[in-house]
Amino acid sequence: MDSGLTASRFARYAQPQELLEEWRRVGYHTDALIGPMIFARLQQTPQRVAVVDGERRITCGELVAQAAALASAFQAAGVGRGDVVSWQVPNWWEALVVALASWRVGAVNNPVLMIYREHELRQIFGDLRPAVVVAPPRFRRTDHQQLLDAVLEELGHAPRLRVGVRGGDRRWTPLTDLLVAKPAPQTHGIDPGDPCVVAYTSGTTAGAKGVVVDHRGLVAETRQMRDVWGLAWQDRTFMPAPLAHLTGLTVGLTVPFSAGASVALMDIWDPEAAVPLIEREQCVLSSGTPTFLEEIVSQYERRGEQTSCLRQYSVGGAAVPPSLIERSEAAGVGAFRCYGMTEHLSATIPNRGMPIEVRRDTDGPVAPGTEISCVDEEGRVLAPGVPGEIRVRGPERMLAYIGEGDNDGVLDPAEGWFSTGDIGAVDGDGCLRIMGRIKDIINRGGEKFSAREMEDVICRHPVVRQAAVVPVPDARYGEVPVAFVVLVEGAELPASDALAEFVQGQGLAKQKTPTGWTRIDALPITPFGKVKKHELVERLTGASA
């Protein structure tokens, strides 16, 4: 039995009616559906290139025709409103066709990260019981179709359709066979409050959670990004981060296509290939974590170029050292910090037109229509400028987590707040400053310090490219900070005393100085560039973190 994900299932988590009415009155919420909105824009310029995928170039007309044909195959298999289409596909043009076809029939997209294996797939398919599964036979030494078959058999679930991308065995219908069907008309009767995406969080600190996003929220998010960043029909975005993440799905699909613009995809991250691709295709916008940005900037620095066409880069998802924004500016990449999460993608939304002090030292102004409040450990609202746990609510907020219990203590149905678990404050200019995560705090003898604060200071050292500070057990203080650092090419790790002297010379309290320093070639990261700090702790302690 399939899930039937429709608006009524999540009614109990709806935001307060007065907020919904206000967002509709001012235009943040409309009755637009994400699929028809994008199809209408693509159809206006059928000859223009929509997607660059390696040597393959797909026009807007081809994309529309292929998505409409696949939608017809979905309808023939009985797939429609509220059914789930799970796709574990790399950053290939076919992923965009699957996403658009799903929305055309009123189905719910469930993009699945390529790194997910039996454990995560068992949870996702158990939660959603997908009507369609889509995957390639092999990608980076993994047979994904075989993997999905095994999990589905274990769960006793048989999807109505298994679609093979770029090959497959007899159980999987080749996507190419389905793209010759007579195009299907757009399905009607879809509620703008219906779910259109279920995206699973990366689970860097806990198990992955299914985030349910409706049409109204995704349309509002798409329009906001497009308008604040000033994306136009002649522009092209660059997307190396997974399309299976909500950032990838917006910056790689909904934002450019809603503007009549296009996207250049990269399926395997390669910084040495990224910059030539960006310049060849004249990509003007990208978004990702500090890891991606730092490696792009390093390539420009090696090339000695200061005329990058990448005029805007929205960087978030992890701590952003101020020095990285300065290096980006010097390399011609207009980078800016931002703050958001899968549950509320843009809580702040700056652009390159803002002063570098705002882009470097804050996470940007609160997004239009969004509210942020900070509370103490007792849940009391703090005065402006006083740091506390950040709560957000706005027109882009998720409907809910798919798992009922995951919403407890996180969503406030009475007032619409989502509790983020992050620590920060909104300053007098309406800009947010993130101090770190509640779980990314180091408790040294009762004194609590932000790991992010330490990382920002360490990254000011001239030989340090990246830094991650983690807590390790200590007999006297309970826990103390230890730093892992990635150095610039050819540099040697300075002595511990010299490093300690440097950070204290930057004004960092002695108690916040790392007690140990470890050089590492590369920080362990998720596909989005978030640092897996639990793996760093395990390296030091030899125990599960």
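The values are calculated or read from the model by the stated rules, or taken from the named source; none is laboratory data. All values derive from a computational prediction rather than experimental measurement. Cβ: placed from backbone, ideal geometry, glycine included. Neighbour counts: every protein chain shown.
Here are the numbers for the structure shown:
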read-out: Strands (runs of 3 or more DSSP E) contained entirely in region 239-350, each with at least 1 residues that are more than 29 Å from V457 (Cβ to Cβ) and not assigned by TED's automatic domain parsing to the domain that holds T526; value: 262-265, 285-288
read-out: Count of residues meeting criterion [under 26 Å from E94 (Cβ atoms) and either small (G, A, S) or crowded, with 23+ Cβ neighbours inside 10 Å (or both)] in region 285-295; value: 5
read-out: Helices (runs of 4 or more DSSP H) wholly inside region 451-545 that include at least 3 residues being touching a strand residue (DSSP E or B) at 6+ places or on another chain (Cβ under 7 Å); value: 451-458, 533-541
read-out: Residue selected from region 174-202 under the condition more than 21 Å from R81 (Cβ to Cβ) and touching a residue at least 60 places away in the same chain (Cβ under 8 Å), by the criterion farthest from the chain's Cα centre (by Cα); value: V180
read-out: Positions within region 227-241 being polar (S, T, N, Q) and surrounded by fewer than 24 Cβ atoms within 10 Å (Cβ to Cβ), in sequence order; value: Q234
read-out: Criterion (under 18 Å from the mean Cα position of the chain (by Cα), surrounded by fewer than 24 Cβ atoms within 10 Å (Cβ to Cβ) and of a type in the set (S, T, N, Q)) met by exactly one of T342, T370; value: T342
read-out: Criterion: out of contact with any Pro (no Cβ under 9 Å at 6 or more places or on another chain), surrounded by 17 or more Cβ atoms within 10 Å (Cβ to Cβ) and assigned to a loop (DSSP other than H, G, I, E, B) - qualifying residue of R81, R41; value: R81
read-out: Residue that is nearest to the chain's Cα centre (by Cα), among those in region 440-478 that are closer than 19 Å to E538 by Cα, surrounded by fewer than 17 Cβ atoms within 10 Å (Cβ to Cβ) and not hydrophobic (A, V, I, L, M, F, W, C); value: N443
read-out: Selection within region 139-196 - among the β-branched types (V, I, T) and surrounded by 13 or more Cβ atoms within 10 Å (Cβ to Cβ); value: T142, V151, V163, V165, T173, T176, T187, I190
read-out: Options L96, L100, L20, L121: the member that is outside any loop (DSSP other than H, G, I, E, B), under 20 Å from the mean Cα position of the chain (by Cα) and free of Cβ contacts under 8 Å to residues at least 40 places away in the same chain; value: L121
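Each row is one residue, and each column tells you yes or no for (1) closer than 30 Å to D149 by Cβ; (2) touching a helix residue (DSSP H, G or I) at 6+ places or on another chain (Cβ under 9 Å); (3) in the same structural domain as G167 (by TED's automatic domain parsing).
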position	(1), (2), (3)
L5	yes, yes, no
R25	no, no, no
V49	no, yes, yes
R56	yes, yes, yes
G61	no, yes, yes
A77	yes, no, yes
G82	yes, yes, yes
Q88	yes, yes, yes
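Each row is one residue, and each column tells you yes or no for (1) within 22 Å of E22 (Cα to Cα); (2) touching a strand residue (DSSP E or B) at 6+ places or on another chain (Cβ under 6 Å); (3) surrounded by fewer than 20 Cβ atoms within 10 Å (Cβ to Cβ); (4) modelled with pLDDT under 90.
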residue: I390; (1), (2), (3), (4): no, yes, no, no
residue: G394; (1), (2), (3), (4): yes, no, no, no
residue: I402; (1), (2), (3), (4): no, yes, no, no
residue: D408; (1), (2), (3), (4): no, no, yes, yes
residue: P413; (1), (2), (3), (4): yes, no, yes, yes
residue: F418; (1), (2), (3), (4): yes, yes, no, no
